[in-house]
1. Hey, among 68, 57, which residue is under 22 Å from residue 202 (Cα atoms) and at pLDDT 70 or above?
2. Are any of the residues in the stretch 10-30 out of contact with any helix residue (DSSP H, G or I) (no Cβ under 8 Å at 6 or more places or on another chain), part of a loop (DSSP other than H, G, I, E, B), closer than 30 Å to residue 78 by Cα and at pLDDT 90 or above?
3. (1) assigned to a strand (DSSP E or B); (2) at pLDDT below 90; (3) surrounded by 17 or more Cβ atoms within 10 Å (Cβ to Cβ): which one isn't true of residue 136, the others all being true?
4. Just to be sure before I move on: is residue 154 farther than 19 Å from residue 172 by Cβ and in contact with a strand residue (DSSP E or B) (Cβ under 9 Å, 6 or more places away or on another chain) in the structure I sent?
5. Out of all the residues in the stretch 80-99, is one or more assigned to a strand (DSSP E or B) and surrounded by fewer than 16 Cβ atoms within 10 Å (Cβ to Cβ)?
6. Tally time: how many residues in the stretch 115-132 are modelled with pLDDT of 90 or more and either in a strand (DSSP E or B) or buried (at least 24 other Cβ atoms within 10 Å of the Cβ) (or both)?
7. Could we say that residue 153 is farther than 23 Å from residue 39 by Cβ and assigned to a loop (DSSP other than H, G, I, E, B) here?
8. Just need a number here: residues in the stretch 103-114 that are crowded, with 22+ Cβ neighbours inside 10 Å and modelled with pLDDT of 85 or more.
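The values are calculated or read from the model by the stated rules, or taken from the named source; none is laboratory data. Because the structure is a prediction, the values reported are computed rather than measured. Please note: Cβ atoms are built from the backbone with ideal geometry, for glycine as well, and neighbour counts cover all protein chains shown.
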């Protein structure tokens with residue numbers, strides 16, 4: 001069986017929390033996105049089985065953890081960690097107040113990689129919502145359209161952006177960059193006031209596994225009364241899949257370092 005072994009350097013998350021109460025709690029939250037097709041896995045955090053039978057397209061979390069350093073190991077489902085190597089392995093520093101998303105996904109060309117993303121939960125103006133798009137699929141550059149108007153253009157794999165817009169329901173399309181007729185995704189997406197709806201494009205268009213996973217951060221109205229939290233599902237499938245809380249800095253921050261090796265077992 002072919003397995004992938006990835007060694008990821010420590011990913012430092014430089015975060016300025018937007019909610020002082022969270023920063024003082026001594027805890028952070030981590031959500032894990034599974035964007036690698038055809039790989040059923042178990043996820044271990046610091047040696048403990050934390051997520052079992054994790055399927056492609058699933059999002060697990062949030063995991064509320066004390067601030068500190070964490071080792072993340074991903075094994076084929078039901079593998080014995082004592083006698084086998086992980087399919088993916090990495091580590092991350094989680095400062096107090098951090099809300100981070102760790103995503104295993106395909107680069108353009110199909111090679112798996114691991115990324116850590118910090119969510120933008122700065123306050124939104126009255127009447128506004130935020131939408132964030134991230135391109136984590138095996139596909140070329142894309143444009144993201146809302147009601148047929150371009151919101152993000154020429155987004156390449158591993159990158160993305162966010163924008164504040166009036167709260168409403170929008171028709172969202174993901175198309176090949178500069179080619180509105182090549183549509184990979186088309187769905188109506190409600191954007192509520194004081195939320196950040198994050199859409200991850202994952203999988204492979206050519207391989208038939210492409211889909212969009214969405215998450216929603218709530219409580220971003222000016223002077224929010226509580227800790228931002230969120231809910232989400234799988235856009236385009238209608239299958240609710242997860243709950244998430246996320247927090248971070250500025251537009252979209254991506255921190256990742258990896259060395260990738262393939263071998264035959």
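1. Within the list 68, 57, the selection yields 57.
2. Scanning the stretch 10-30 turns up no residue that is out of contact with any helix residue (DSSP H, G or I) (no Cβ under 8 Å at 6 or more places or on another chain), part of a loop (DSSP other than H, G, I, E, B), closer than 30 Å to residue 78 by Cα and at pLDDT 90 or above.
3. Going through the list (1) assigned to a strand (DSSP E or B); (2) at pLDDT below 90; (3) surrounded by 17 or more Cβ atoms within 10 Å (Cβ to Cβ), residue 136 breaks only (2).
4. In short, no.
5. Checked the stretch 80-99: at least one residue is assigned to a strand (DSSP E or B) and surrounded by fewer than 16 Cβ atoms within 10 Å (Cβ to Cβ).
6. Number satisfying all stated conditions: 5.
7. When the stated conditions are applied, residue 153 does not pass them.
8. Adding up the residues that qualify gives 4.
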